[in-house]
1. Return a whole-number percent for the relative contact order of the chain, with Cα pairs under 8 Å and 6 or more residues apart as the contact set.
2. Please report the net charge: other residues with Cβ closer than 15 Å to the Cβ of Val164, K and R +1, D and E -1.
3. Using only the alpha-carbon atoms, how far is helix 15-30 inclined from the longest principal axis of the chain? Give it as 0 to 90 degrees, nearest 10.
4. Can you pull the three principal axis extents for the Cα set of the range 326-365, in Å, largest first?
5. Measure of size requested: the Rg and Dmax of the range 108-260, with Cα atoms as the atom set and Å as the unit; please supply both.
6. How big is the C-alpha Rg of the chain next to the rule-of-thumb value 2.2 N^0.38 Å, as a ratio?
7. Using 1/(1 + (r/R0)^6) with R0 = 45 angstrom and r between the beta carbons of Arg386 and Thr260, what's the FRET efficiency to the nearest 0.05?
8. Taking the alpha-carbon distance from Lys58 and a cut-off under 19 Å, which aspartates and glutamates remain once sequence neighbours fewer than 8 residues away in the same chain are dropped?
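The values are calculated or read from the model by the stated rules, or taken from the named source; none is laboratory data. Values in this document were obtained by computation on a predicted structure and should not be read as measured data. So basically every Cβ, Gly included, is an ideal-geometry build from the backbone, and we count neighbours across all protein chains shown. These accessible areas exclude ligands, DNA and RNA; they are computed on the full protein's heavy atoms, side chains included. Shrake-Rupley method; radii C 1.70, N 1.55, O 1.52, S 1.80 Å.
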Amino acid sequence: MPKLNECYLDIKESYLFAEISRRVSEYEKNNPGKDIIRLGIGDVTLPLSKRVLDALHKGVDDQGDPSTFKGYGPEQGYGFLREAVSGYYGSNGVDIDPDEIFISDGAKSDTGNITELFDRDNTILVPDPVYPVYVDTNIMGGKSVKYMAGNEENGFLPMPDPKVHADVIYICSPNNPTGAVYDKERLTKWVDYALDNHAVILFDSAYEAFIDDPSLPRSIFAIEGAKKCAIEFCSLSKTAGFTGTRLGYTVIPKDLVFPTSRGGQMSLHAMWFRRQSTKFNGASYIVQRGAAEVFTKEGMEECRANIAYYKENAKIISEALDANGIWYTGGKNSPYIWFRCPHGMGSWEFFDRLLNEVQVVGTPGEGFGDNGKGFFRLTAFGERERTKEAMKRMEKILQ
Ligand SMILES: *Cc1c(COP(=O)(O)O)cnc(C)c1O
């Protein structure tokens with residue numbers, strides 16, 4: 001009889017989205033024909049850009065021709081794509097060697113799989129509220145995490161406590177679920193703290209393409225010293241609408257070398273290379289062809305047009321909150337808007353009122369952690385007229 005990984009018993013039921021759909025279905029059953037607007041979507045809705053689509057088609061054709069057919073590719077990703085990602089970093093003023101870039105099928109797998117490189121005996125910090133993947137993947141591996149509180153005082157951007165030691169630190173900026181973005185000064189404090197503690201920062205920059213304030217860092221590597229203490233995860237999911245197409249990349253600097261208990265040293269870059277070449281055979285050639293197009297000037301312009309569409313929605317939502325004096329983070333440089341529920345309502349109480357009184361669905365903040373209690377998330381991934389209509393309907397509850 002196999003002994004099972006009982007750590008799975010320690011993972012919390014993913015109750016949030018199941019509970020939302022339960023309440024919405026019940027409402028629909030009791031109120032047939034009511035027009036519900038969904039602004040809880042954490043997924044892109046616009047189709048791929050024309051140029052990316054053409055590049056994907058071209059990739060398909062390559063696979064049908066003996067002279068261009070590709071079998072197994074390099075586990076780390078094709079050179080043409082790693083060069084393109086490196087060039088993209090360069091255009092943002094960050095120097096990353098193509099050799100330090102690993103192409104994958106997305107950032108979720110990489111943020112989860114990276115936990116394998118760390119021992120159980122580490123102090124791991126995650127923010128609260130949090131993207132649940134960081135917590136659950138650690139628990140699956142028998143590791144426990146400590147929470148750093150996000151709140152109104154720190155603008156949902158937890159800062160290091162010099163009295164507390166950490167070994168591994170998760171940071172997501174622009175943040176899901178709060179939309180909050182670390183500025184250069186605050187990220188520098190994290191990098192300095194990590195260097196002092198010989199810690200590693202796991203930096204999730206999945207939403208970097210939503211940043212248009214040039215003073216905000218789009219990469220942890222824009223901060224001096226970060227190559228000695230940080231790994232960065234990124235993805236084309238939100239940048240280019242690849243949530244269903246699948247492509248991510250992870251940057252692991254070769255300078256991330258730490259002493260081992262047996263003497264000598266281990267390199268995180270070498271460990272990840274070994275891990276990926278053992279357990280992963282690379283992202284699809286076709287998708288890598290489409291991805292490379294995203295990093296061309298014209299391809300990036302088309303992707304930016306979609307992002308601009310979402311950002312206009314975010315602006316519409318933020319303006320409605322501003323008009324009613326409601327405190328929020330995000331809405332700028334992010335597709336998420338995270339706000340305090342009006343009149344001291346709890347997250348679920350507010351959810352029920354929106355659903356029952358104006359038929360708008362969002363996401364209760366408390367589903368992302370204790371510090372989300374009394375907060376609520378709306379997303380900019382909806383359709384323009386529906387977003388406007390939702391904010392018009394919500395007016396009487398926000399007042
Ligand atoms: C959407 C998202 C990602 C991207 O995940 P993929 O697996 O690349 O689709 C990563 N991190 C966060 C916080 C996200 O919200």
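1. Working: 739 pairs, mean separation 90.4, N = 399.
Once divided by the residue count of the chain, the mean separation gives 23 percent.
2. On the way: positive: Lys146, Lys163, Lys189; negative: Asp128, Asp161, Asp167, Asp192, Asp196.
Neighbour charge sum, excluding Val164 itself: -2.
3. Taking the Cα atoms of the chain, the angle to 15-30 is about 40 degrees.
4. Result for the range 326-365: principal-axis Cα extents of 31, 20, 14 Å.
5. Spelled out, the Cα radius of gyration and Dmax of the range 108-260 are 14.6, 44 Å.
6. Numbers: Rg = 21.7 Å, N = 399, 2.2 N^0.38 = 21.4 Å.
Normalised Cα radius of gyration, the chain: 1.01.
7. Values: r = 55 Å, r/R0 = 1.22.
So, using R0 = 45 Å, E works out to roughly 0.25.
8. Excluding near neighbours in sequence, the set is Glu293, Glu298, Glu302.
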